[in-house]
Every structure is written in structure tokens, then in C-alpha cells.
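Worksheet: one structure, shown below.
The values are calculated or read from the model by the stated rules, or taken from the named source; none is laboratory data. Bear in mind the structure is a predicted one, so any value in this text is a computation, not a measurement. Ligands, DNA and RNA are excluded from the accessible area calculation, which covers all protein heavy atoms including side chains. Shrake-Rupley method; radii C 1.70, N 1.55, O 1.52, S 1.80 Å.
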Amino acid sequence: DVAKRPAGPPTASVSPLDFKRFLGISNFGGFTKANEVFNGRLAMLGFTAALLQQLRLGGVSGPGPIAQVATFLDSNPSALYDMVPMAFVAWSVLWAGLAFVNGKPGSIEGETEIY
């Protein structure tokens, strides 16, 4: 992929009204390169937000991300921790099922490369 990159910084601007191109995603659903890059960017933002929230609530030894959610839901953190494995499995099955039903369980033939 590195060899395919153009030299220098990107010069073309993208209109925010072209929603999919502005966010760098392809069609909804499916595990495509563009969607996975977008998902990775959102994961980085989420991790940074959780880290900053942890520092705000209790410093370095503050509550972890799951305990933070429990704090804001006024719930018992241990009850929320017990639900995490099942929620993860359910979330994974949901999205894998949607990709299968959508007919896009892998990359789309002819999809444009990221670079």
C-alpha cells in the first residue's frame, strides 16, 4: 500500500456534503478496507476519550472504562462487568450476521484502494 501512495500531502479537498467520501467509508456494512480504517479511527478517538475521562474522574488510578459507564448509569460496576462477555458475543454475532445477510462478508470486488 505504501508504494501506491502519491507523493506529498493530499491536495484534493472533499466536501462535507459528500458524507461517505468525507468520512472515508464505503457502503454501509461489509468488512472493507475503507470501513475498517474508519472503524480504527473511531476506536482511537474512543480510547482517548476513555483515558481522558478516567483522568478526570480519579487520576491514574481512577475507574476503568466499564466502571465509568456504570458510574454514569448509576449502576453497580460488578453487575456491568458480568454482562460484558455476553454483550461482546452478542455484538459480534449481530454485525457478522448483518454482513452475511447484506451479502458483504468480505471485501467488495472492484473497491477502490485506500491510497
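Brief remarks follow.
- Heavy-atom accessible surface of segment 19-102: percent carbon and sulfur, 1.4 Å: 74 percent
- Calculated from backbone phi, Karplus (6.51, -1.76, 1.60) coupling profile of segment 86-100 in Hz, x at Gly/Pro: 5, 5, 5, 5, 4, 4, 5, 5, 4, 6, 5, x, 5, 5, 5
- Entry comment: accessible area of segment 19-102 is 73 Å² per residue, from protein heavy atoms only and a probe of 1.4 Å.
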